[in-house]
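This report concerns only the one structure given below.
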Amino acid sequence: RSSPAADIIRTIRDPEKPNTLEELEVVTESCVEVQEIGEDECLVVIRFTPTVPHCSLATLIGLCLRVKLQRCLPFRHKLEIYISEGTHSTEEDINKQINDKERVAAAMENPNLRDIVEQCVAEPD
């Protein structure tokens with residue numbers, strides 16, 4: 001059976017397309033790894049695959065994953081989000097960005113970005 005984290009992210013919509021990240025195979029069941037790191041805390045690691053190697057939206061997708069999981073995970077967690085190795089031309093930079101609390105907070109203060117993220121993470125009707 002699928003993990004709660006996989007269920008949460010499968011409905012996130014792509015910023016540019018009408019499809020969900022699962023439909024585009026950006027995220028799959030196997031891209032989610034959950035490890036217990038303490039009595040009541042888990043480490044959730046997500047590895048997602050951008051649709052193209054120079055996808056300009058990879059950072060935005062990472063943001064959407066982070067925002068939705070932080071809001072919806074039913075347990076205490078640490079969250080690490082990475083691009084699947086070798087699937088993006090600037091994966092190291094993006095991995096740094098989407099795992100940096102300050103940069104994530106700054107991005108979410110940008111009203112345009114925040115609107116896009118909110119649209120992508122909104123639950124489907």
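Of all residues in the range 99-125, those that are more than 24 Å from Pro18 (Cβ to Cβ) have Cβ atoms under 8 Å from Cβ atoms of residues that are not in a helix (DSSP H, G or I), 6 or more apart or on another chain, in Asn99/Glu80; Asn99/Ile81; Asn99/Tyr82.
Go through the range 92-125 and count every residue that is in a loop (DSSP other than H, G, I, E, B) and surrounded by 11 or more Cβ atoms within 10 Å (Cβ to Cβ).
The number of residues fulfilling the criteria is 4.
Here's the yes/no breakdown for (1) surrounded by fewer than 18 Cβ atoms within 10 Å (Cβ to Cβ); (2) under 16 Å from Gln119 (Cα atoms):
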position	(1), (2)
Thr11	yes, yes
Glu29	yes, no
Glu41	yes, no
Val52	yes, no
Ser56	yes, no
Thr59	no, yes
Arg76	yes, no
Ser84	yes, no
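Against the condition more than 15 Å from the chain's Cα centre (by Cα), under 22 Å from Arg71 (Cβ atoms), charged (D, E, K, R) and modelled with pLDDT under 95, how does Asp115 come out, does it pass?
No, not satisfied.
Taken over the range 48-69, the criterion of being out of contact with any helix residue (DSSP H, G or I) (no Cβ under 7 Å at 6 or more places or on another chain) and modelled with pLDDT of 95 or more is satisfied by Thr49, Ile61.
For the range 11-53, the set of residues classified as touching a His at 6+ places or on another chain (Cβ under 9 Å) and under 20 Å from Ala107 (Cα atoms) consists of Pro50 only.
The values are calculated or read from the model by the stated rules, or taken from the named source; none is laboratory data. Everything numeric here is computed off the predicted structure, so don't read it as measured data. A quick note on method: Cβ atoms are made from the backbone with ideal geometry, for glycine too, and the neighbour counts reach across all protein chains shown.
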